[in-house]
1. What does the helix-only formula give at 222 nm for the chain: each DSSP H stretch with n ≥ 4 adding -39500 (n - 2.57), the total divided by the residues, and the result rounded to the nearest 500 deg cm²/dmol?
2. Once Lys and Arg get +1 and Asp and Glu get -1 on their Cβ, which of 50, 34, 11 lies farthest toward the positive end of the dipole of the chain?
3. For segment 129-137, in order, what is each residue's ³J(HN,Hα) by Karplus, 6.51 cos²θ - 1.76 cosθ + 1.60 with θ = phi - 60°, in whole Hz (x at glycine and Pro)?
4. What residues qualify as long-range amide H neighbours of residue 31, i.e. H under 5 Å apart, gap of 5 or more or another chain, H built at 1.01 Å from N?
5. Viscosity 1.002 mPa s, temperature 20 °C: give me the Stokes-Einstein translational D for the chain in µm²/s, with Rh taken as the Kirkwood radius over C-alpha pairs.
6. For segment 35-145, what % of the accessible area comes from carbon and sulfur atoms, probe 1.4 Å?
7. Given +1 on the Cβ of Lys and Arg, -1 on the Cβ of Asp and Glu, and no further charges, what dipole in debye does the chain carry about its Cα centre, rounded to the nearest 20?
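The values are calculated or read from the model by the stated rules, or taken from the named source; none is laboratory data. The model shown is predicted, which means the values in this text are computed figures rather than measured ones. In this analysis, Cβ positions are derived from the backbone assuming ideal geometry, glycine residues included, and neighbour counts consider all displayed protein chains. Just the protein is used for accessible areas: all its heavy atoms, side chains included, with ligands, DNA and RNA removed. Shrake-Rupley method; radii C 1.70, N 1.55, O 1.52, S 1.80 Å.
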Amino acid sequence: MKNPAGSRILQADIIAGLVIVACSVWLLTETRDMPPMSALLPVVMLCAMALMGVILIGRTFLKPDLRSDRAVFVAPRRFFLVVFAIGAYALGVATLGFYTSTTLMVPSVAWCFGYRKPFGLALATVIFVGGIALIFLVLMNQDLPTEFFAS
């Protein structure tokens, strides 16, 4: 994606990096009220996301030759789809519950990004949701947000 008027700041990767860092930091503040063991995974993931956002920004400034033809976010529509999906997922977890939202979101996002094999979508969903259930319910004995039908 060509950057407007040759601006070094108004580039898709820099804007995306800033959004990623800002959202990660904001969501980190939301983990304060969580029990320590429940907050561990979200905190680690959000810190990793913030670091990746900083790397995305820094890479654009440090390697000017990557600015146009090798930018990470070259499709604004796809970037905004990802942002929308994250927001929809967060809303879904709060209203529908973790397992229902994750079971709907994993294949939906994969489908939107071009993966069309039903068996692969189903298998990835079962492995992901089953793995999360195994880790949190069995190994860590931690509850995830309750399902809407179990309230």
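1. Helix contribution divided over all residues of the chain: -22000 deg cm²/dmol.
2. Going by the charge dipole, the pick is 11.
3. In residue order, the calculated couplings are 5, x, x, 5, 4, 4, 5, 7, 7 Hz.
4. Those lying under 5 Å, H to H, from residue 31: there are none.
5. For the chosen part, D equals 123 µm²/s.
6. Values: 5650 of 7350 Å².
The computed percentage sits at 77.
7. Once rounded to the nearest 20, the dipole reads 740 debye.
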